[in-house]
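This report refers to the structure that appears directly beneath it.
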Amino acid sequence: MHIPDGFLSAPTSIGAWVASAGGIGYAVRRVNRELGERQVPLMGVTAAFVFAAQMMNFAVAGGTSGHLLGGALAAILLGPWAAMLVLTSVIAIQALVFQDGGLVAMGANILNMAVIGVLVGWIAYGVVRRLLGRWRARGAEGVSAFVAGWLSVIVSAMVAAMELAVSGTLPAAVALPAMAGWHALIGIGEGLITVGVIAFLRAARPDLLSLHHKQSAGREPDEAQA
């Protein structure tokens, strides 16, 4: 769902840059407080995986593209704040090196995928886990991961469509169905990949799934004393 340059109006681009800068700035502060040494290699591996997944693009509507997102998976593995930075770095490299998404529109692409996509995935994962309660711990985890992956893609696509509509590039009646329809299908793949990666890590390296929770808990006493 990378938006190229020339498809967003100046006010929309500026507003997206301001919103994304605020979100990423807050994420940087949180990561500086909470990041542990063991998370750094995991961030690199996650960034590489997301980068590879997002390079598989196909046209959707009005010059935009559809692809897997990876925001929900990154949020589950790293927590939302580190995940935002991972997605931001991936989007920036794609725009600067591979011309995938415009430079002026990069604020909107970061907002849609790195901020909104990650937060939606993280919130959806937590809400569904709580709703399912103690229903088969692994089953609940899989369902939660699928919903998080699917919903993060849909919401990010809808926001991108609204940005195009507000900018006058496409009517909302065209942009919303096109983006939502394609990304509803993409979201199924996103959800299945998220479930697969989480299931693999649960079997091979379960410690990685709770790493950011342990790190945050370990920081709390120090912050209280400060």
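The values are calculated or read from the model by the stated rules, or taken from the named source; none is laboratory data. The shown structure was predicted, so the numbers you read here are calculated from the model rather than taken from an experiment. All Cβ positions, even for glycine, are placed from backbone atoms using ideal geometry, and neighbour counts span all protein chains on display.
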>> Out of the residues in region 202-226 meeting the condition of being among the hydrophobic types (A, V, I, L, M, F, W, C) and closer than 13 Å to Leu78 by Cα, tell me which one is modelled with the lowest pLDDT.
In response: Leu211
> Hey, any hits in region 167-179 for a residue that's touching a Phe, Trp or Tyr at 6+ places or on another chain (Cβ under 8 Å) and either within 20 Å of Ile14 (Cα to Cα) or part of a helix (DSSP H, G or I) (or both)?
Replying inline: yes
>> Given the options Leu164, Leu151, Leu192, Leu176, name the one that is in contact (Cβ under 8 Å) with a residue 12 or more places away in the chain, more than 13 Å from the chain's Cα centre (by Cα) and within 30 Å of Gly36 (Cβ to Cβ).
In response: Leu192
>> Being closer than 14 Å to Pro80 by Cα, outside any loop (DSSP other than H, G, I, E, B), over 18 Å from the mean Cα position of the chain (by Cα) and of a type outside the set (D, E, K, R) is the filter here; which residues of region 27-48 pass it?
In response: Asn32
>> Here's a check for you: in region 1-20, which residue that is surrounded by 14 or more Cβ atoms within 10 Å (Cβ to Cβ) and of a type in the set (Gly, Ala, Ser) is nearest to the chain's Cα centre (by Cα)?
In response: Ser20
> Looking at region 89-113, which of the residues that are touching a Phe, Trp or Tyr at 6+ places or on another chain (Cβ under 9 Å) and part of a loop (DSSP other than H, G, I, E, B) is modelled with the lowest pLDDT?
Replying inline: Gly102
> Going through region 114-147 one residue at a time, which ones are part of a loop (DSSP other than H, G, I, E, B) and either closer than 26 Å to His2 by Cα or among the small types (Gly, Ala, Ser) (or both)?
Replying inline: Gly133
> Can you name every residue in region 7-65 that is acidic (Asp, Glu) and at pLDDT 75 or above?
Replying inline: Glu34
> Within the set of pairs 6 or more residues apart or between chains, which connect a residue that is exposed (fewer than 15 other Cβ atoms within 10 Å of the Cβ) inside region 195-210 to a residue that is modelled with pLDDT of 80 or more with Cβ atoms less than 6 Å apart?
Replying inline: Leu209/Leu201
